[in-house]
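**Q** Have a look at the structure that comes next, please.
The values are calculated or read from the model by the stated rules, or taken from the named source; none is laboratory data. The shown structure was predicted, so the numbers you read here are calculated from the model rather than taken from an experiment. Cβ sites come from the backbone with ideal geometry, for glycine too, and all protein chains shown count toward neighbours. Side chains included, ligands, DNA and RNA excluded: accessible areas come from the protein's heavy atoms. Shrake-Rupley method; radii C 1.70, N 1.55, O 1.52, S 1.80 Å.
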Amino acid sequence: MKKITVLVLCFLSLVTTLNVAAQETLSYYLPNHVTYNPDIPTPESVIGHQVGEWHITHDKLVYYMKTLAKASERIDFEVIGTSHEGREQLLLTVTHPDNLAGIEKIRSDHSWLTYPNEADKFDITKMPSVAYMGFSIHGNEPSGSNAALLMAYYMAAAEGPEIDKALRQTVVLLDPSFNPDGLNRFATWANMHKSKNISTDPMDREYDEVWPGGRTNHYWFDLNRDWLPVQQPESQNRIKQYHLWKPNILTDHHEMGTNSTFFFQPGVPERTHPLTPPVNQELTEKIGTFHAAALDSIGSLYYTKEGYDDFYYGKGSTFPDINGGMGILFEQASSRGHAQESVNGVLTFPFTIKNQFTTALSTWAAAVNMREELLQHQKDFYKNALKEADSDDIKAYVFKAEKDPARSFHLAEILAQQEIDFYRPSREIKLEDESYKPENSYIIPLKQRNYKLVKAMFEQRTAFQDSLFYDISGWTYPMAFNLEYKSMTNREYGRGQLGEKVEQPTFPKGQVYGGLSKYAYAFEWHGYYAPRAAYQLLEKGIRIKVATGKFIGPGEKEFDRGTILIPVKGQEMSEYDLFQEMLRISQEDGLDVHALNTGLTGGVSLGSNSFSNIEKPKIAFVVEAGSSYDAGEIWHLLDTRMDMPITKLPASRLSGSGIDRYNTLIITGSMPLNENGLNNLKDWVRNGGVLIGTGSAVSWMARSGLSNLEMVNVEYPGAEEVSYDEISNYSRGQYIPGGVYMAKLELSHPMTFGYYKEELPTFRRGNVMIEASENKFSNPMVYVEKPLRSGWISDANHKALGGTSVIRVSGFGRGRVVSMTDNPNFRAFWYGTNKLMMNAIFFGKTVSGYSAR
């Protein structure tokens, strides 16, 4: 420890006391044992204020980094993409000028270490380690991005033998803002409330953001849960760079509650994912000694191995663990503004920045001094992965979506983004009751360098060392996408089954069968983008109907329930233009459209009352109450995928007559309504509106008399034996942390139109459970008796959950109330249940009064 302390002190200065009244100068932050190149611009000289005086806005952050890169021969500057709001995402490559001159070869050589059959050709004693430093993925945890100003300046301006050595022996990839939109949103909030005489009162408005806050991106997604599913552009841009470099260390700078201190990994040892090799935690702990020495040197309190875990691979501090690197989480107590009272005294914004900067420096020190260990671990990780693949009983996974190739395409997109090798089958593969063909299936061999990543995405895990999870406990991807898939053993798999390797999957396009029709067209609701097609037709004034029963069309083609019928006659559009619309949706939405030339079909005729008119959805989802995450996922689904306009309706406006302009309202939690407001909402439903509630909104709707549901109350054993210090963990252990559960569908019900298998995997988190109705048509979806498929759940909760309703539809006057205990849009990658939300929107009014009792 003494040696490490000496090494770290080469990077650091002595502690400086806190001062709320006076603005800290640059010397407060910077080590004082090195000299600084006067030709390198300081942050203040470019952004116009000292670091920590104001919260850095994203435009100023970008401007400084561009200016710094122009002035320094140590920095290569790159714009790697843009956020939803068009803000630039930056990546600075910082290393010695000699390294920069050959940086592509350094990157290429480093990448080859992840190829087991090539890695030994490279001499790691002569290679630099790679550290990826990322800041403020949660926009309202801004000390990280503000510290990035200091770290970039220090690496560009500091001079001396130790600095020269560090630059030669490392390549630092610096991303100053993982979340540009959230950072800018919060900076605006904090700066607009700053007083000349700073109020440290926690009750001050500065420290209490309005809903949804600055934590998330534009669509209110937590980007620190998106490293594995990569559904957001910010993540996609970042992951591309990650895989180009395969860094040895990735740091993820966060903030936590104001009354905390500082946390660095490792987390709770028992809460590490079993696929993460033990040496990862050993090296993480060794890196932690550098952080401890650094924080000791400036007198900052800290803790480690408590509170946080290393389990979910969708987090930035855990994702590297399954990719041969070290993910390091930092959590700094948050001032949530410029200075706030805490149990540890007044916590100032500059102090939070200094701690983040200090641990960025200690990370750099670890990357230098542990260089060969980190590079060796990277080599060994991928070599051992191949050995583990050899001993694994499973040799490959094969998957498809028989009637909806768009869903399997979107999973293939993720595989490609994560650099997983996968193929089309070379021939038809028959496994049990499924046939996997080259044109509609993908096969993933496990013997590849990303074996562990494939396992992390595809395995079903229900056994765990610990029952507490910081995030979700199960996320099996083919189940999230509701795909037909199988694991293949040695007996079922051979390399000869691998056909063409898929480099970049292509979106599956449909076609129009039968050409131009003078009578009608039809497309089935199985396709993921069928709702998008339906809405576009309605938006253009085209009348459409939905089949509530099956029928037989040309060539003995059976059309399923939920099929969309487009009559030709009576439309304002010409026959030719309508045909062009059919061509468009077949290509853009990946749907097969069928021309029908007679109304006399097998089963119901096309003029039957079994076809119901579809009203164009006019949707509002309620904001400023409920879960901003769930609301954002609804917004993202409808806006970016289904191309449907949607109103973000403040909860306070539920009390007004303005809600009459909508036929569908969606809520994600309890609504802050008084008696008049609740009565107004009830009148709206009673007059024909469809109210959709997810998660905790289900309980609120039941309590408020909007539905006739009975909630399940679970009795948890063993509470009387719990000691006082175990109360918190015992209570957390009764919570369902998020996983995959199997449900059974009533396939004749409008809420399940488009599904063609009786069982559907769903994501569940939380303890809201609904007693099933005796009327089966009120329960279009119920859990099977033992529903757990992947993840953790207590025995008491598992027993109680079986047989309960996932979805209940209640009649309320002429309207309908749809209660969904689970979130069908979870983190944008749960494609398999998105259709449940779309069915509630399109077909909620189609549900008969009898079935909604």
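**Q** Need one value: the accessible area of Leu583 in square angstrom, 1.4 angstrom probe, rounded to the nearest 10.
**A** 60 Å²
**Q** Still on this structure: In straight Cα distance, which aspartates and glutamates are under 16 Å from Lys648, not counting same-chain residues fewer than 8 positions off?
**A** Glu624, Asp630, Glu633, Asp639, Asp660
**Q** Roughly speaking, to the nearest percent, how much of the range 459-517's 1.4 Å accessible area is carbon and sulfur?
**A** Looking at the range 459-517 in its full context, I get 41 percent from C and S.
**Q** Assuming 1.002 mPa s and 20 °C, estimate D for the range 285-378 with Stokes-Einstein, Rh taken as the Kirkwood radius over Cα pairs, in µm²/s.
**A** Details: Rh = 14.8 Å.
Here the translational diffusion coefficient equals 145 µm²/s.
**Q** Here's something else I'd like to know. Calculate the length of the line joining the C-alpha centroid of the range 599-654 to that of the range 429-490, in whole Å.
**A** 31 Å
**Q** Would you mind checking Lys387/Lys437; Lys455/Lys757; Lys60/Lys165; Lys455/Lys744; Lys518/Lys545 for any pair whose Cα atoms are more than 20 angstrom apart?
**A** Flagged as over cut-off: Lys387/Lys437; Lys455/Lys757; Lys60/Lys165; Lys455/Lys744.
**Q** Given a 1.4 angstrom probe, what's the average accessible area per residue across the range 249-388, in square angstrom?
**A** Value returned for the range 249-388: 24 Å² of accessible area per residue.
**Q** When the accessible area of the range 200-300 is split by element with a 1.4 Å probe, what percent falls to carbon and sulfur?
**A** Carbon and sulfur: 52 percent of the exposed surface of the range 200-300.
**Q** Taking a 30 Å limit on the Cα-Cα distance, which of the listed pairs Lys246/Lys835; Lys501/Lys557; Lys509/Lys557 fall beyond it?
**A** The pairs that break the limit, which is 30 Å between Cα atoms, are Lys246/Lys835; Lys501/Lys557.
**Q** May I pose another question? Can you give the Rg to Rh ratio for the chain, taking only C-alpha atoms and Rh from Kirkwood? Please list the in-between numbers first.
**A** Working: Rg = 28.5 Å, Rh = 28.9 Å.
Over the Cα atoms of the chain, Rg/Rh equals 0.99.
**Q** Amide H neighbours of Gly766 under 5 Å, counting only residues 5+ apart in sequence or on other chains, H built in-plane at 1.01 Å?
**A** Ile736, Gly738
**Q** Grab the other residues whose beta carbon is less than 14 angstrom from that of Ser195, score K and R as +1, D and E as -1, and report the net.
**A** On the way: positive: Lys194, Lys196, Arg205; negative: Glu53, Asp201, Asp204, Glu206.
Neighbour charge sum, excluding Ser195 itself: -1.
**Q** Could you work out the relative contact order of the chain, using alpha carbon pairs under 8 angstrom and six or more residues apart, expressed as a whole percent? Please report the intermediate quantities before stating the final value.
**A** Numbers: 1855 pairs, mean separation 89.6, N = 853.
The value is 11 percent.
**Q** Between Asn323, Leu301, Tyr313, whose Cα lies farthest towards the positive end of the dipole of the range 276-331 when Lys and Arg beta carbons carry +1 and Asp and Glu beta carbons carry -1, centred on the Cα centre?
**A** Asn323
**Q** Which of Asn99, Asn613, His49 sits closest to the plus end of the dipole of the chain, meaning its Cα is farthest towards the positive end, when Lys and Arg get +1 and Asp and Glu get -1 on the C-beta?
**A** Towards the positive end, the residue furthest out is Asn613.
**Q** Report the local net charge at Leu61: Lys and Arg +1, Asp and Glu -1, summed over other residues whose C-beta lies under 14 Å from its C-beta.
**A** That works out to -1.
**Q** Which peptide among 457-470, 253-266 comes first, and what is the full order, when sorted by highest mean count of other Cβ atoms within 10 Å?
**A** On the way: 457-470: 16.9, 253-266: 21.3.
Those peptides, ordered most packed to least, come out 253-266, 457-470.
**Q** Moving to a separate point now. Given a 1.4 angstrom probe, what's the average accessible area per residue across the range 611-695, in square angstrom?
**A** 38 Å²
**Q** I've got another one for you. When the accessible area of the range 777-853 is split by element with a 1.4 Å probe, what percent falls to carbon and sulfur?
**A** 49 percent
**Q** In nm, give the distance between the simple-model label positions of Arg427 and Leu386, each being 7 Å from the Cα along the Cα-to-Cβ direction.
**A** The answer from the label model is 2.8 nm.
**Q** Let's test the formula: R0 of 30 Å, r as the Cβ-Cβ distance of Asn775 and Gln460. What FRET efficiency results, to the nearest 0.05?
**A** Step by step, r from the Cβ atoms, then E = 0.35.
**Q** Shifting gears a bit: Take Lys165 and Lys518, extend 7 Å from each Cα along the Cα→Cβ direction, and tell me the distance between the two endpoints in nm.
**A** 8.9 nm
**Q** Give or take rounding to whole Å, what are the principal axis extents of the alpha carbon atoms in the range 46-157, in descending order?
**A** Between the extreme Cα coordinates on each principal axis of the range 46-157 lie 50, 30, 22 Å.
**Q** Any idea of the accessible area per residue across the range 700-823, 1.4 Å probe, to the nearest Å²?
**A** I get 44 Å² per residue for this part.
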